[in-house]
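Engineer: Just dropping this structure here.
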């Protein structure tokens, strides 16, 4: 036995074995689904980054973190700083991806933008975009929602 490990031998009824196996199987499936979900999100962010570059944006940060929050993409173009939230889905069963950027997420983006602008001493105009990516097995669709929300609008709510 390894250090710190305690082995307990116990008699387990057949019913308990089924419950324990069921719980184990559930968590294995859940972990696999989460890994696939994370992979889908990363692929969507990569597609969004390439899309912005094709539109003439210079990508300066990806996955920029401050505290518990993260901005997916920070890009510059012609005196404009864009803070882009990327939402990726593999189907539309629960709605369009952009519908999942709630007020809390928007307020977090405004706080992050303030922190970024102060830290980097930037004076450009700031815009908040959402990039919606819907991926299927053979294709994908990108919708770029420019100015999806603003700090002024959030202050009124």
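Engineer: Name the residues in region 99-157 that are in a loop (DSSP other than H, G, I, E, B), touching a strand residue (DSSP E or B) at 6+ places or on another chain (Cβ under 8 Å) and surrounded by fewer than 17 Cβ atoms within 10 Å (Cβ to Cβ), would you?
Structural biologist: 122, 124, 150
Engineer: So residue 67 passes all but one of these: (1) at positive phi; (2) surrounded by 11 or more Cβ atoms within 10 Å (Cβ to Cβ). Which condition number does it fail?
Structural biologist: The failed condition is (2).
Engineer: Okay, moving on. Conditions: (1) modelled with pLDDT under 95; (2) assigned to a loop (DSSP other than H, G, I, E, B). Residue 56 meets all but one. Number of the miss?
Structural biologist: (1)
Engineer: Next up: Any idea which of (1) surrounded by fewer than 18 Cβ atoms within 10 Å (Cβ to Cβ); (2) in contact with a strand residue (DSSP E or B) (Cβ under 8 Å, 6 or more places away or on another chain) is the one residue 49 doesn't satisfy?
Structural biologist: It is condition (1) that residue 49 fails.
Okay, residues lined up against (1) more than 25 Å from residue 138 (Cβ to Cβ); (2) at pLDDT 85 or above; (3) over 15 Å from the mean Cα position of the chain (by Cα); (4) assigned to a helix (DSSP H, G or I):
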residue	(1), (2), (3), (4)
1	yes, no, yes, no
8	yes, no, yes, no
20	yes, no, yes, yes
30	yes, no, yes, yes
36	no, no, no, yes
39	no, no, no, yes
49	no, yes, no, yes
62	yes, yes, no, no
72	no, yes, no, no
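Engineer: Kindly check whether there is at least one residue in region 76-85 that is in a loop (DSSP other than H, G, I, E, B), surrounded by 14 or more Cβ atoms within 10 Å (Cβ to Cβ), in contact with a strand residue (DSSP E or B) (Cβ under 6 Å, 6 or more places away or on another chain) and free of Cβ contacts under 8 Å to residues at least 60 places away in the same chain.
Structural biologist: no
Condition check ((1) more than 20 Å from the chain's Cα centre (by Cα); (2) over 24 Å from residue 68 (Cβ atoms); (3) at pLDDT 95 or above) across all residues:
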| residue | (1), (2), (3) |
| --- | --- |
| 101 | no, no, no |
| 123 | yes, yes, no |
| 127 | no, no, yes |
| 135 | no, yes, no |
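The values are calculated or read from the model by the stated rules, or taken from the named source; none is laboratory data. Since the structure is predicted, the reported quantities are computational estimates derived from the model, not experimental observations. With ideal geometry, Cβ positions are generated from the backbone for all residues, glycine too; neighbour counts draw on all protein chains shown.
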